[in-house]
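These notes concern the structure reproduced below.
The values are calculated or read from the model by the stated rules, or taken from the named source; none is laboratory data. Just so it is clear, the model here is predicted, and its values are computed rather than measured. Note that each Cβ is placed from the backbone with ideal geometry, even for glycine, and that neighbours are counted across all protein chains shown. The area values use the complete protein model at the heavy-atom level, side chains included, leaving out ligands, DNA and RNA. Shrake-Rupley method; radii C 1.70, N 1.55, O 1.52, S 1.80 Å.
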Amino acid sequence: MNATMGRLETLIVNSPMRGALARREIERFRRMTGLPAGARVLDAGCGAGLTTRAIARVLRPAHLAAFDIDPGQVQRAKKRLWDAPNVEVRQASAKAMPYADGEFDAVFELGILHHIPSWREALPEIARVLRPGGVFCFAEPTKTRLTRGVYRIFPHEVENMFEADELRAEITRAGMTVRQTTHMLLWNVFGYATKP
């Protein structure tokens, strides 16, 4: 089974408002991590490329790779990013990334894990593609948030949900060290980890 989003959620994550929020989130990650311009960066689960464009504009990476499992989203991202320098977009799974060990200085994941069946399998892949000292930036709604309030209108599989402590524990189990977590508008757990 692949990661999926409902039609309404797809419309919202592809909206201009989501693009503006993504830019603020990437700016916050930059301040948290001190990630310099010129890094090699991966956007895991890029959707239609809104986060990827924000990464390109805020971080100015030397190379930016992005992938999504949904071929429709990959095509949207390629169209959106046609003029972005040093960007490569492809279709792939977060549980079997087509990248070399230690290829990236940073991996970004914003709201993707809770869509992936057996999401824990994606975390060792993230650790694998990070270089030693690399940064994993993550943002997720927790099970508590997904089962209450406005999030209830979006269908999510209960078995893919997790609480913040569980996510932090799984990141640690995958071989990374959680450095900081906080909250943002859309996310109960917003933070970063490093690979030793």
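Once the Cβ-Cβ distance of residue 184 and residue 101 is raised to the sixth power relative to R0 = 30 Å, the FRET efficiency obtained is 0.45.
For the listed peptides 74-80, 34-40, a ranking on the average number of other beta carbons within 10 Å per residue, highest first, reads 74-80, 34-40. With a 1.4 Å probe and every protein chain kept in, tell me what percent of the accessible surface of the chain is carbon plus sulfur. About 52 percent, which is the carbon plus sulfur part of the accessible surface.
For residue 86 and residue 144, a Förster radius of 30 Å and the Cβ-Cβ distance give a FRET efficiency of 0.20, rounded to the nearest 0.05. Of all the options 31, 179, 60, the one that moves most in a Gaussian network model of the chain with Cα springs shorter than 10 angstrom is 31.
If DNA, RNA and ligands are ignored and the probe is 1.4 Å, what is the ranking of 43, 165 by accessible area, most exposed first?
Largest accessible area first, the residues go 165, 43.
The alpha-carbon atoms of the stretch 18-74, seen along their principal axes, cover 33, 22, 15 angstrom, with the largest extent given first.
Rolling a 1.4 Å probe over the protein heavy atoms gives the chain an accessible area of 46 Å² per residue. Within the full protein context, the accessible area of residue 50 is estimated at about 30 Å² for a probe radius of 1.4 Å. Normalising the average separation of contacting C-alpha pairs (under 8 angstrom, six or more residues apart) by the number of residues puts the relative contact order of the chain at 19 percent. Exposed loop sites here are GluC sites (Glu not before Pro) assigned a DSSP state other than H, G, I, E or B and surrounded by at most 16 other beta carbons within 10 Å; excluding them, the longest clear run of the chain is 1-156. Put a dot 7 Å past the Cα of residue 62, heading toward its Cβ, do the same for residue 121, and the two dots end up 3.3 nm apart. The string of couplings for the stretch 102-113 from the Karplus curve (6.51, -1.76, 1.60, θ = phi - 60°) is x, 6, 10, 7, 8, 10, 10, 9, 10, x, 9, 3 Hz, one whole number per residue in order, with x for Gly and Pro. Accessible area of residue 147 (1.4 Å probe, protein heavy atoms only, ligands and nucleic acids ignored): about 60 Å².
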